[in-house]
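Please read the structure below before turning to the comments.
The values are calculated or read from the model by the stated rules, or taken from the named source; none is laboratory data. These numbers were taken from a predicted model, which means no experiment stands behind them. Don't worry about glycine lacking a Cβ; one is built from the backbone with ideal geometry, like all the others, and counts go over all protein chains shown.
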Amino acid sequence: MRTSNPVLSRLGEAAERERSAGHAPAGPYGPAAGQPGYGQPYPTAEGYLVPPAVQPMTVDDVVVKTVALLGLTGVSAVAAWNLVPDSLLGIAWIGAAMVGLVLGLIISFSRMAHPALVITYAVVEGAFVGLVSKSYEQVLGYEGIVLQAVIATFGVFFTMAVLYRIKAIRATPKFQRGMYAVMSGLFAVMLINFVLSLFGFSTGLRSNGALGIAFSVVCIVVAALSFILSFNEVEEGVRLGLPQRYSWMAAFGILVSLIWLYLEMLRLLSFLQGDD
């Protein structure tokens, strides 16, 4: 099994070894040694003995988990919006942002399926999104901006899904390398800009103005294109027969892109509605 993504390729090879061995890995996702299914044959109706197959992930698995994570994110956002007082908004959303960042990095770099971590990430990021949304809508006074940003975010998501489906945009190896490089660069720029802002230095990248608007548009375009990477990972994961548990990683990738796109939509809409 070959794919342009080396990580998926390694996971696919591991899944093939699992299937060849006739069992799922021990631990929370498979039986322990000595139990049925751990390298032991199962009888069939014909009387032959065959090893149990590892359950592969499907597109439906990813859809169900993505919807579930979005539901958790939405519930957490509504709860944070209503429970956190205005006087604590700043501290609360900064704390949620830091915890979410750490969890996101752990999940991303581990490249393993940790459902509990992914679910926790959705809850924490939901609180962060809810607090930021409340700041824009009520504290800063951008009435209706949250609904506009939600509609715009899902509009872009479904548009990219259609473009991927009809193969108008393909996740070629060159496209993937370019996207990973651009996203890494954007992350580095935003991190440097954040650190500089702590010392009172403004670069104008996140302020209302031509530079700030242009940077937000670039971020929105890149966030939208990142869905192509996510859709391709799902397609390749299904083709390679990755175990069902990896659908959590695929759903996590889609959730991250949706949250990033939504936050950038909020910022751009605030620029277009008035002074930041």
Checklist entry - Do we have any residue at all in region 179-198 that's surrounded by 13 or more Cβ atoms within 10 Å (Cβ to Cβ), touching a Gly at 6+ places or on another chain (Cβ under 6 Å), in a helix (DSSP H, G or I) and not polar (S, T, N, Q)? => result no
Checklist outcome for this item: Ala171 meets each of (1) small (Gly, Ala, Ser); (2) in contact (Cβ under 8 Å) with a residue 12 or more places away in the chain; (3) surrounded by fewer than 16 Cβ atoms within 10 Å (Cβ to Cβ); (4) assigned to a loop (DSSP other than H, G, I, E, B) with one exception, condition (3)
Checklist outcome for this item: Filtering region 221-276 down to residues that are touching a strand residue (DSSP E or B) at 6+ places or on another chain (Cβ under 8 Å) and either surrounded by fewer than 23 Cβ atoms within 10 Å (Cβ to Cβ) or at pLDDT 95 or above (or both) yields Val238, Gly241, Pro243, Gln244
Checklist entry - Looking at region 198-215, is at least one residue within 28 Å of Val64 (Cβ to Cβ) and not β-branched (Val, Ile, Thr)? => result no
Checklist outcome for this item: Selection from region 199-220 of residues surrounded by 16 or more Cβ atoms within 10 Å (Cβ to Cβ), farther than 17 Å from Leu255 by Cα and not hydroxyl-bearing (Ser, Thr, Tyr) yields Leu205, Arg206, Asn208, Gly212, Phe215
Item to check | Residue list for region 117-149, restricted to those being under 16 Å from Val78 (Cβ atoms) and surrounded by fewer than 16 Cβ atoms within 10 Å (Cβ to Cβ) | outcome: Gln138, Leu147
Next on the checklist: Please verify whether Ser135 is part of a helix (DSSP H, G or I), in contact (Cβ under 8 Å) with a residue 24 or more places away in the chain and either among the hydroxyl-bearing types (Ser, Thr, Tyr) or within 22 Å of Gly100 (Cβ to Cβ) (or both), treating the condition exactly as stated.
Outcome noted: yes
Checklist outcome for this item: Here the residues within region 150-168 that are farther than 20 Å from Ser76 by Cβ, of a type in the set (A, V, I, L, M) and either part of a helix (DSSP H, G or I) or in contact with a His (Cβ under 7 Å, 6 or more places away or on another chain) (or both) are Ile151, Ala152, Val156, Met160, Ala161, Val162, Leu163
Checklist outcome for this item: Being among the aliphatic types (A, V, I, L, M) and touching a Lys or Arg at 6+ places or on another chain (Cβ under 9 Å) narrows Ala80, Ala92 down to just Ala80
Next on the checklist: Within region 76-95, does at least one residue satisfy the condition of being in a helix (DSSP H, G or I), in contact (Cβ under 8 Å) with a residue 12 or more places away in the chain and under 16 Å from the mean Cα position of the chain (by Cα)?
Outcome noted: no
Checklist outcome for this item: Thr120 meets each of (1) among the hydroxyl-bearing types (Ser, Thr, Tyr); (2) without any contact (Cβ under 8 Å) to a residue 24 or more places away in the chain; (3) assigned to a loop (DSSP other than H, G, I, E, B) with one exception, condition (3)
